[in-house]
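This report concerns only the one structure given below.
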Amino acid sequence: MTTVTKWALAAAVLAVALIVALLPRGGDDSAAKPSEDLAPARSAAALQACPAPSSTRPVKQLEGVKAECLGDGASVDVGQVLAGAPVLVNVWASWCEPCRTELPVLQEYAKQPGAVRVLGVQVQSPAKDGLELLAKLGVHLPSVYDGDGQSGPIRTALKVPPRLPVSYLVTAAGEVRFIANPPTFGNTDQVRAAVGGTS
């Protein structure tokens with residue numbers, strides 16, 4: 001065996017040893033660990049169930065858009081669950097201070113007779129942070145999770161502006177209206193005025 005062959009063989013053995021050293025071990029469960037267990041946070045938040053899909057035509061602007069129901073982790077078709085009746089859609093994040101003020105107002109509004117349905121959309125923050133915030137605030141509104149990145153399928157479909165919170169009214173006919181005034185709800189009268197005449 002020549003010297004060059006010996007060196008090539010030694011290099012190959014070292015390369016294989018390095019690859020084996022870097023491979024995850026069977027006993028190391030960190031490589032196979034599933035995403036964070038949200039069951040305790042979900043239990044503490046006690047969110048209302050996400051709306052069931054409607055048998056009517058889906059909201060065109062959100063048709064086929066999928067999101068995770070924050071309360072139980074189930075996948076929902078947002079265009080289907082918003083169809084058939086007026087819905088106030090509120091986009092929020094756990095780090096957003098105005099959101100922390102507005103969410104309890106929306107919870108209070110949703111309890112009033114004649115209120116339209118309210119659906120929260122958590123964005124730009126981990127699901128666990130959102131669940132913990134909702135539990136702390138005593139807000140149990142049905143909510144979906146649009147991811148913690150700078151964009152998500154719901155935000156893309158709605159063309160959500162960079163500021164938060166943001167609200168939209170989805171009419172019974174499936175029209176999506178951006179609510180510009182007020183930019184943040186301070187009381188239930190403002191919510192009622194913004195969604196008035198939606199039937």
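Some observations on this one:
- The H on the amide N of Gly120, modeled in the peptide plane, is under 5 Å from the matching H of Asn90, Ser143, Val144, each at least 5 residues off or on a different chain.
- Extension gain, Ala52 back to Arg163 (0.36 nm per residue minus Cα-Cα distance, nm): 37.0 nm
- Under-5 Å amide H pairs with Leu82, H placed in peptide plane, nonlocal only: Val59
- Antiparallel bridge percentage (DSSP; both residues within region 39-197; nearest 5): 60 percent
- The string of couplings for region 96-112 from the Karplus curve (6.51, -1.76, 1.60, θ = phi - 60°) is 7, 5, x, 5, 5, 7, 6, 4, x, 5, 5, 4, 5, 4, 4, 7, 6 Hz, one whole number per residue in order, with x for Gly and Pro.
- Accessible carbon and sulfur surface of region 39-197 relative to its total accessible area, %, 1.4 Å: 53 percent
- Charge tally in the Cβ shell below 15 Å around Leu131, where Lys, Arg are +1 and Asp, Glu are -1, Leu131 excluded: -4
- Computed 3J(HN,Hα) for region 154-166, one whole-Hz value per residue from the Karplus formula 6.51 cos²θ - 1.76 cosθ + 1.60 where θ = phi - 60°, is 5, 4, 5, 5, 8, 6, 5, x, x, 8, 10, x, 9, glycine and proline marked x.
- Under 15 Å, Cβ to Cβ, from Gln190 - net charge with Lys/Arg +1 and Asp/Glu -1: -2
- In terms of the mean number of neighbouring beta-carbon atoms within 10 Å, the peptides 87-95, 184-192 order highest first as 87-95, 184-192.
The values are calculated or read from the model by the stated rules, or taken from the named source; none is laboratory data. These numbers come from a predicted model, not from an experiment. Counting neighbours? That spans all protein chains shown, and the Cβs are built from the backbone with ideal geometry, glycine included. Surface accessibility is based on the protein's heavy atoms, side chains included, excluding ligands, DNA and RNA. Shrake-Rupley method; radii C 1.70, N 1.55, O 1.52, S 1.80 Å.
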